[in-house]
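Below is one structure, written out as structure tokens, with a few remarks after it.
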Amino acid sequence: LWIPLARTDSHQKLETLSISSPVHWHKTRDKAHQNELLVLRPGKANSGQKIAISYRVFRTEKSAHVEAGDSRKHLKAEKLVPINARFAQIARKAAAKASGDLAKGRAIYAHVLKHMRYDKSGKGWGRGDALYACDARTGNCTDFHAYFIALCRAIKIPARFAIGFTIPADRDDGPIGGYHCWAEFYANGKWVPVDISEADKHPGLGDYYFGHHPANRFELSQGRDILTEPAPKAGAFNYFFGPHLEVDGKVVPVKASFEFRRLSRK
């Protein structure tokens, strides 16, 4: 059993309050993105038992920011985010009138926003498949941002993926409905956040979601094709936001729930 662990960064200060588990666990990291995970080896006797992780989080709005590290590692293709001549042609056309990587990123953002529509009907959506997104022109947040990242990388602009949750703004506690993901691209020495699927759902905020992620986010992991040690039999994680269980080499669904409580600042 593999479970992602959130981490502190420049915009997310995090304290792990407790990890409650009937099964012994140890921590590991994936080499490519340095995501932290719990690894457990439950047995039949643990069927139906619960594991709970509790965090205290202070999150701030994210805008363009400087980070240490080599941005060029985010130019590499991934299984569902290839680099090919088709994406290069689309990206060059979208950014033909733009000068500099920041303007090119904005042009690609505008192209994806115009090209795609948030729609979770049919089959194929939700995998973060850039080719599917390009052809279907619909999908969810994973598809929007896979397409954006593919286009950026196709013209040598580093871009990266992250996944977690949007914390409901209209209440102070309760369940979190499902995951959300977003992207960042590198320009002028800074990482620039974008959220194109939210811009599609809220057209009046299109300018805001180029260059900003609001504070009501909780990031669980970064990157795609996440491979850990020990490695799952099913192969690298496409992306990673919830528990992954394998029994005798076969994936077994795990019920997971996520909830929050807003704390007053003192």
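With the structure loaded, tell me whether Y147 is closer than 12 Å to V81 by Cβ and surrounded by fewer than 24 Cβ atoms within 10 Å (Cβ to Cβ) or whether it fails that test. I'd like the intermediate steps shown before the answer.
Values: closer than 12 Å to V81 by Cβ: yes; surrounded by fewer than 24 Cβ atoms within 10 Å (Cβ to Cβ): no.
Here the answer is no, as Y147 does not meet what is asked.
For segment 178-233, which fully contained strands (runs of 3 or more DSSP E) count at least 1 residues that are under 27 Å from K255 (Cα atoms) and not acidic (D, E)? Give the derivation first.
Values: elements: 179-187, 190-194, 217-222.
Passing ranges, in order: 179-187, 217-222.
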*Give the residue that is nearest to the chain's Cα centre (by Cα), with candidates limited to residues of segment 240-266 that are open to solvent by 40 Å² or more (accessible area, probe 1.4 Å) and among the aliphatic types (A, V, I, L, M).*
A256
_Subset of segment 209-219 (residues that are open to solvent by less than 30 Å² (accessible area, probe 1.4 Å), of a type outside the set (D, E) and touching a residue at least 24 places away in the same chain (Cβ under 8 Å))_ = F210, G211, H213, P214, R217, F218
*Within segment 220-239, is even one residue surrounded by fewer than 18 Cβ atoms within 10 Å (Cβ to Cβ) and on the phi > 0 side of the Ramachandran plot?*
yes
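If you check K50, K13, K31, K27, which single one turns out to be within 21 Å of D248 (Cα to Cα), open to solvent by 80 Å² or more (accessible area, probe 1.4 Å) and not polar (S, T, N, Q)? Explain how you work it out, then say what you get.
Details: K13 fails: within 21 Å of D248 (Cα to Cα); K31 fails: within 21 Å of D248 (Cα to Cα); K27 fails: within 21 Å of D248 (Cα to Cα).
The conditions single out K50.
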*Mind checking whether some residue in segment 28-40 is at pLDDT 95 or above and small (G, A, S)?*
no
*Working only within segment 24-55, note down all residues that are hydrophobic (A, V, I, L, M, F, W, C), more than 15 Å from H244 (Cβ to Cβ) and assigned to a loop (DSSP other than H, G, I, E, B).*
A32
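For segment 135-144, which positions are open to solvent by less than 10 Å² (accessible area, probe 1.4 Å) and either under 18 Å from A103 (Cα atoms) or without any contact (Cβ under 8 Å) to a residue 60 or more places away in the chain (or both)? Spell out the reasoning first.
First, the residues of segment 135-144 that are open to solvent by less than 10 Å² (accessible area, probe 1.4 Å): 139-144.
Residues satisfying the conditions are G139, N140, C141, D143, F144.
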*Across segment 167-198, what is the total count of residues that are over 14 Å from T142 (Cα atoms) and surrounded by 15 or more Cβ atoms within 10 Å (Cβ to Cβ)?*
10
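The values are calculated or read from the model by the stated rules, or taken from the named source; none is laboratory data. Being a predicted model, the structure only gives us computed values, none of them experimental. Neighbour counts run over all protein chains shown; Cβ positions are idealised from the backbone, glycine included. Quick note on the areas: whole protein, heavy atoms, side chains included, nothing else; ligands and nucleic acids left out. Shrake-Rupley method; radii C 1.70, N 1.55, O 1.52, S 1.80 Å.
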